[in-house]
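Heads up, the thing below is written out as structure tokens.
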Amino acid sequence: MTAVSPTDILAAAKLLGGGRAVAMTGAGVSTASGLPDFRSSGGFWAGVDPMKVASRTAFERTPEAFYAFYRRRIDTLDRAAPNPAHVALAALERAGLLDGVITQNVDGLHQAAGSAHVIELHGNLREALCVGCGTVRPIAAIRDALASGTLPRCDSCGALLKPHIVLFEEMLPQGAWAAATSLARASRVMLVAGSSLQVTPASWLPQDTLDAGGQVIVVNQEPTPYDRRAAVTLRGPAEQILPAIAAAAAAAATAAAATRVEEGTGSPQNIDHRPTT
């Protein structure tokens, strides 16, 4: 594991142990699953202008370039599976230490790992959306059309299908954003993992938690704008650090439960045997 202070791991686990916590994740959580991030030298944007392949304008004016880019992303996602970072967050939720996950990712790996409450800020690559009638279909509708050499079109109205994600020049889904801001403001702790915290408006969410009197934990390979304001900052791979935090939190919860049981047992000489009236 990357050299991370055990004291910092325990501090993060202690913060999560108080409950009312939420996780916010970015592309760095899924890189160990074989999915590139966006801004590194080997990321999706390497040698690519996002506005030319991942914007609403690109979709409408140069669909061939748009679909060529997203075909690569869809094919890459087909081979991906949850990694220990996803599994750790799901375990924290099952243990009652996380109320949910707010994610910038579109890969669906949090759900695949067992997280039950996931807010997808940028949509998902599991589905295709008709831009004409709004019909939602499995992403296979796009994959199969591209494999046959045609542009994907809706069976109902004939309009183009696009991945059910938020493109550049598009707004975030109103419902997802409202749910995310509400959860951020209600949380005592926000655990940020694998996000550069540079993409707005998602990068505003940790500030919502801070403004409401909460605290922030940052787990990321590179520095973020929130590092100085974070209660705990852990620099390293999410797939190594999050399992360590989850294990420490589970151990602390087990120890606390044992202490409560022990304190509640009492000894015979301390039990009041006088009858009640």
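The values are calculated or read from the model by the stated rules, or taken from the named source; none is laboratory data. None of the values given here were measured: they were computed from a predicted structure. Positions of Cβ are backbone-derived with ideal geometry, glycine not excepted, and every protein chain shown enters the neighbour counts.
Just for strands (runs of 3 or more DSSP E) wholly inside segment 52-132: which have at least 1 residues that are closer than 13 Å to VAL29 by Cβ and in contact with an Asp or Glu (Cβ under 7 Å, 6 or more places away or on another chain)?
It comes to 101-103.
Could you please find all residues in segment 140-191 being hydrophobic (A, V, I, L, M, F, W, C), assigned to a helix (DSSP H, G or I) and not assigned by TED's automatic domain parsing to the domain that holds VAL106?
ALA140, ALA141, ILE142, ALA145, LEU146, ALA147
Quick one: GLN198 ticks every box in (1) in contact (Cβ under 8 Å) with a residue 24 or more places away in the chain; (2) farther than 21 Å from LEU35 by Cβ; (3) exposed (fewer than 15 other Cβ atoms within 10 Å of the Cβ) except a single one, so which number is it?
(2)
Contact list please: Cβ distance under 8 Å, first residue in segment 78-96 and aliphatic (A, V, I, L, M), second residue at pLDDT below 95 and assigned to a loop (DSSP other than H, G, I, E, B), pairs at least six apart or on different chains.
ALA80/GLY34; ALA80/LEU35
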